[in-house]
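> Once you've had a glance at the structure underneath, I'll fire off some questions.
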């Protein structure tokens, strides 16, 4: 994987931000997981669609593993729609808003990874596996 010194900012419109939070609340006490489709620009990436995926991890209350078949299907959909994968999201029902060692170890895509922390109400983004914080832009 390429090293990223300055990760791109990710613009997550309010409607998509609310969709991620709703998915996290619905999945609790298990972790939710999903992908963000959109477009990559030079100065920032813009999310345009949320794709919720099933968490098939052995311990879904403590970790996530996106269903591989669903993931493949969404990635094909994105390509067909002319969109890019611009993010991965998952929740931490009991916190923290920081990535875990397993989150970092299984980061398979060079995109921002969003963590919805239900305990604190924070939604933060990181470029994993490098562990660099990503700016998360929202509606003004």
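Only the coordinates and a few stated rules stand behind these numbers; no lab work does. Only a predicted model underlies this, so the values are computations on that prediction, with no experimental measurement involved. Using ideal geometry, Cβ is built from the backbone for each residue, glycine included, and neighbour counts are taken over all protein chains shown.
> If packing is taken as the average number of other Cβ atoms within 10 Å across a peptide's residues, how do 74-80, 50-56, 23-29 rank, most packed first? Working shown, then result.
Numbers: 74-80: 14.0, 50-56: 19.3, 23-29: 17.0.
In descending order of packing, they fall as 50-56, 23-29, 74-80.
> A further question follows. Percent relative contact order of the chain, based on C-alpha pairs within less than 8 angstrom and at least six residues apart?
Relative contact order for the chain comes out at 28 percent.
> Order of 38-48, 114-124 by packing, highest average Cβ count within 10 Å first? Could you put the intermediate results ahead of the total?
Details: 38-48: 15.8, 114-124: 17.9.
Ranked by mean Cβ neighbours within 10 Å, highest first: 114-124, 38-48.
> If you don't mind, there's one more thing I want to ask. State the antiparallel share, in %, of DSSP beta bridges confined to the chain, rounding to the nearest 5. Write out the running numbers ahead of the final one.
On the way: 24 of 34 bridges.
Once the DSSP bridges in the chain are tallied, antiparallel ones form about 70 percent.
> Which shape class, rounded, prolate or oblate, goes with the chain when its Cα gyration tensor gives a ≥ b ≥ c as root eigenvalues, a/c under 1.5 marks rounded, and past that a/b bigger than b/c marks prolate? Provide the component values of the computation, followed by the final result.
Working: a/c = 1.30, a/b = 1.21, b/c = 1.08.
Rounded shape, in that the Cα axes give a/c under 1.5.
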